[in-house]
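Novice: First, the structure itself, so that you have it in front of you.
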Amino acid sequence: MKTDKSDEDLPAEEEKCALREVIVEEPVASEDSSEDYSSEEERKTEKPKHDIPPEYWHIQKLVKYIKTGNQTATVVALCCLKDHDLSTEINQTAIQEIGGLEILINLLDTKDLKCKIGALEVLTELSHNPDIRRCIADLGGIPLLVKNLTEPARDLQILVAETIANVAQIKKARKAVRKCNGIPKLVDFLDVNEVYLKTPPEQLTADQKGLVNMAKAATRALWAISRSSKNIQVMMKSGSVPLLARLLRSIHMEVVVPAVGTISQCADDPGYQLAIQTEGMIRDIVRHLATEENPMLRRYCAETIFKCSENALTRDMVRQAGGLDPLVNMARNPKTKEDKPLLAAVTGAIWKTAISPENVERLDQLKTVETLVKLLENVEEDEGVLSNVVGALCECLKFEHNRSTLRY
């Protein structure tokens, strides 16, 4: 009869098994694979403590004070925290690794105004980082931000709008703002007295400056939010069109740029295109098109004209406002050729406005065909630019005299 191994044999058997395990675990690798293995281990190894700057530990101590301290200690710690350079990766990591984002977001639900403002000043700076934007959205920060838009403190409202403008660069946050009914609240902040919008900053009172700054922050937030077609519809229903038209007439460029950017973004919607026309925005858009010191503003103006000029009445309005001349001048300008998004917007606007024969007549006076042909000569030109140039030439060459010009 077969029996189990005796107890005396077990130690020897265990020793044998243990030996086999050691042999299996020992890697037998080539020189190249051992290098890969060591480099992988280096990536996984945390940074040695002596390589971490003292500021890292100081920031983590401040976050602990914010978490465990009383109201006064929290405010002081927040003030000290915002004095650090929060744009650097190591300082952002210090806050994240100790759970600082959760603590800052929770402070938005407190009743203490100073704590809220301190937390928002830090969050506004941190939210320039794309990864932190996602964290704020994932941690439920948007509902709390929208809730604070109804607070009466102007400084708090401005910080909330600026933070939303940063966080709403991601899709999840844009949707959350709409779901939390934040869009109508932001639109309400655009309603600023036109007198303030046309008064130089040094002549405004502190309260009037606050209203203008609130409009700037809210417009930036709406600009980010308007990347969603559903949000554009809500903005229209909330009465944004006439308010944006008023902001276009402002002398404060920090208000005008996000306003034009928002209008350009919304102009993808056919209903908004019609609203831009009926509100008489084209004249002001053409006026800003001539602002040579601000290429970004000119780009958004040209983009708006490009998107809206499918409509014959809009094309006529562009010509009557004198918009064809600056468009052609910009297409000739060597500086414009270096800015591909601007050049694409300009050539696109020329293309769409050239659909009207009356506009082609003026474009001919400006020798536009010659300008467009020169752009075609650059074989390395951006594909979007070339597409627009060909479209514009197609419209201009419907006339015999332009075909003759092209031949000779």
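Novice: Pick from K175, K230, K147: which is surrounded by fewer than 16 Cβ atoms within 10 Å (Cβ to Cβ), closer than 29 Å to G99 by Cα, out of contact with any strand residue (DSSP E or B) (no Cβ under 6 Å at 6 or more places or on another chain) and at pLDDT 95 or above?
Specialist: Unique residue meeting the criteria: K147.
Novice: Oh, and also: Considering only residues of the range 369-408 that are among the polar types (S, T, N, Q) and over 34 Å from the mean Cα position of the chain (by Cα), which is farthest from N333 (Cα to Cα)?
Specialist: The qualifying residue farthest from N333 (Cα to Cα) is S404.
Novice: Please work out which residue is farthest from L107 (Cα to Cα), limiting yourself to the range 58-79 and to residues that are assigned to a helix (DSSP H, G or I) and out of contact with any helix residue (DSSP H, G or I) (no Cβ under 6 Å at 6 or more places or on another chain).
Specialist: Checking each candidate, the answer is H58.
Novice: Please give the helices (runs of 4 or more DSSP H) falling wholly within the range 301-408 in which 1 or more residues are aromatic (F, W, Y).
Specialist: 340-353
Novice: Kindly indicate the residue of the range 239-255 that is within 22 Å of the chain's Cα centre (by Cα) and small (G, A, S) and also farthest from L197 (Cα to Cα) among those meeting that condition.
Specialist: So, considering only residues that are within 22 Å of the chain's Cα centre (by Cα) and small (G, A, S), the one farthest from L197 (Cα to Cα) is S240.
Novice: Moving on to the next point. Take the range 85-126 and flag every residue that is more than 26 Å from E151 (Cβ to Cβ), surrounded by fewer than 18 Cβ atoms within 10 Å (Cβ to Cβ) and of a type outside the set (A, V, I, L, M).
Specialist: D85, S87, T88, E89, T93, Q96, E97
Novice: Being within 18 Å of A217 (Cα to Cα), without any contact (Cβ under 8 Å) to a residue 40 or more places away in the chain and of a type in the set (D, E, K, R) is the filter here, so list the residues in the range 132-154 that pass it.
Specialist: Within the range 132-154, K147, E151 qualify.
Yes or no, residue by residue, for (1) touching a residue at least 24 places away in the same chain (Cβ under 8 Å); (2) in contact with a Lys or Arg (Cβ under 9 Å, 6 or more places away or on another chain); (3) closer than 24 Å to R220 by Cα:
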{"residue": "Y65", "(1), (2), (3)": "no, no, no"}
{"residue": "G69", "(1), (2), (3)": "no, no, no"}
{"residue": "A77", "(1), (2), (3)": "no, yes, no"}
{"residue": "L81", "(1), (2), (3)": "yes, no, no"}
{"residue": "T93", "(1), (2), (3)": "yes, no, no"}
{"residue": "I103", "(1), (2), (3)": "yes, yes, no"}
{"residue": "L108", "(1), (2), (3)": "yes, yes, yes"}
{"residue": "V122", "(1), (2), (3)": "yes, yes, yes"}
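Novice: So which residues in the range 272-300 are of a type in the set (D, E) and either in contact with a Cys (Cβ under 8 Å, 6 or more places away or on another chain) or in a loop (DSSP other than H, G, I, E, B) (or both)?
Specialist: E279, E292, E293
Residue by residue, here is whether (1) closer than 22 Å to E125 by Cα; (2) without any contact (Cβ under 8 Å) to a residue 12 or more places away in the chain holds:
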position: K171; (1), (2): yes, no
position: A176; (1), (2): yes, no
position: P184; (1), (2): no, no
position: D191; (1), (2): no, no
position: V195; (1), (2): no, yes
position: P200; (1), (2): no, no
position: T205; (1), (2): no, yes
position: V212; (1), (2): yes, no
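Novice: Which of the numbered conditions does A168 fail, given that it passes all the others? Conditions: (1) under 19 Å from S226 (Cα atoms); (2) surrounded by fewer than 17 Cβ atoms within 10 Å (Cβ to Cβ); (3) among the small types (G, A, S).
Specialist: (2) is the only condition that A168 fails.
Novice: Do you know which of the residues in the range 193-245 that are outside any loop (DSSP other than H, G, I, E, B) and of a type in the set (V, I, T) is farthest from V256 (Cα to Cα)?
Specialist: Selected residue: V234.
Novice: Follow-up. Is it the case that the range 233-240 has a residue that's polar (S, T, N, Q) and farther than 25 Å from A349 by Cβ?
Specialist: Checking the range 233-240: at least one residue is polar (S, T, N, Q) and farther than 25 Å from A349 by Cβ.
Novice: Further question on the same structure: Pick from F399, F306: which is modelled with pLDDT of 95 or more and either of a type outside the set (K, R) or within 29 Å of D269 (Cα to Cα) (or both)?
Specialist: None of the others qualify; the one that does is F306.
The values are calculated or read from the model by the stated rules, or taken from the named source; none is laboratory data. Just so we're clear, the structure is a prediction, and the values are computed from it rather than from any experiment. Note that we place each Cβ from the backbone using ideal geometry, even for glycine, and neighbour counts take in every protein chain shown.
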